[in-house]
Amino acid sequence: MSESCWDYPRPPRLEPARRRVRILDPEGRLLADVDPAEGRAWRVLETSHPPTYYVAPDALVPGAVRPGQGSSWCEWKGQASYVDLLGADGRVLRPRAAWTYPRPTPGYEALTGALAFYPSGVRCLLDDEEVQAQEGDFYGGWISSEVTGPFKGAPGTLGW
């Protein structure tokens, strides 16, 4: 089944993930493996962006992340904070590898504490399909065979 990101709504829609979500660190360690029946993974669909996937904090391997530097603001979901990805030995593998909403705005409460990883810094799979990172990394979208663009985020597309 194919869907166009141009059919996604604005403001964005939050829905449960329909596919198995797996995230592996750059060293190949499995960080999260969430079956859709568990209800611990979500996707956010917004016009012109590939879906952004979030996993519940308890779906992540203990000790895989720590608070990172900085924050950002989403007009829909509120204040985000970043997390650094740690290796099994505790060293930072990737600063600001994911973000989270500690107190999301109304309508996005399911995302409280959930983590959205940038697929450019980790290996992300939907079922057995490895996703591609959204160009520009700003939105953290996961490009899979089920979604078509063009996608916002690449140089020259921010004014769309």
Taking the range 68-83, which residues are part of a strand (DSSP E or B), more than 14 Å from Pro95 (Cβ to Cβ) and aromatic (Phe, Trp, Tyr)?
-> Trp73
Could you say which residue among Tyr101, Tyr53 is in contact (Cβ under 8 Å) with a residue 12 or more places away in the chain, in contact with a helix residue (DSSP H, G or I) (Cβ under 8 Å, 6 or more places away or on another chain) and under 29 Å from Gly149 (Cβ atoms)?
-> Tyr101
Looking only at the range 10-33, and only at residues there that are open to solvent by 40 Å² or more (accessible area, probe 1.4 Å) and touching a Phe, Trp or Tyr at 6+ places or on another chain (Cβ under 7 Å), the one that is nearest to Leu60 (Cα to Cα) | Pro16
Per the list (1) touching a helix residue (DSSP H, G or I) at 6+ places or on another chain (Cβ under 8 Å); (2) surrounded by 15 or more Cβ atoms within 10 Å (Cβ to Cβ), residue check on Thr148 breaks on (2)
What are the residue pairs meeting all of these: first residue in the range 108-132, first residue on the phi > 0 side of the Ramachandran plot, second residue of a type outside the set (Asp, Glu), Cβ atoms under 7 Å, and 6 or more apart or on different chains?
-> Gly113/Pro57; Gly113/Thr100; Gly113/Pro102; Asp127/Arg19; Asp127/Arg20
When both residues are 6+ apart or on different chains and their Cβ atoms are under 7 Å apart, which pairs have a first residue that lies in the range 30-49 and is free of Cβ contacts under 8 Å to residues at least 24 places away in the same chain, and a second that is open to solvent by less than 60 Å² (accessible area, probe 1.4 Å)?
-> Pro36/Ala17; Pro36/Arg19; Arg40/Val34; Arg40/Val55; Arg40/Ala56; Arg40/Ala59
Look at Val44 and say whether it is open to solvent by less than 20 Å² (accessible area, probe 1.4 Å), within 30 Å of Trp6 (Cβ to Cβ) and assigned to a strand (DSSP E or B).
-> yes
Condition check for Thr105: open to solvent by 70 Å² or more (accessible area, probe 1.4 Å) and over 12 Å from the mean Cα position of the chain (by Cα) | no
State yes or no: is Ala97 open to solvent by less than 20 Å² (accessible area, probe 1.4 Å) and either among the polar types (S, T, N, Q) or within 23 Å of Val44 (Cα to Cα) (or both)?
-> yes
Among (1) under 22 Å from Thr148 (Cα atoms); (2) in a strand (DSSP E or B) - the single one Arg19 does not satisfy = (2)
Residue list for the range 51-67, restricted to those being part of a strand (DSSP E or B) and open to solvent by less than 50 Å² (accessible area, probe 1.4 Å) = Thr52, Tyr53, Tyr54, Val55, Leu60, Val65
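The values are calculated or read from the model by the stated rules, or taken from the named source; none is laboratory data. Worth saying up front: this structure is predicted, and the values here are computed from it rather than measured. Using ideal geometry, Cβ is built from the backbone for each residue, glycine included, and neighbour counts are taken over all protein chains shown. Note: areas computed on protein heavy atoms with side chains; ligands, DNA, RNA excluded. Shrake-Rupley method; radii C 1.70, N 1.55, O 1.52, S 1.80 Å.
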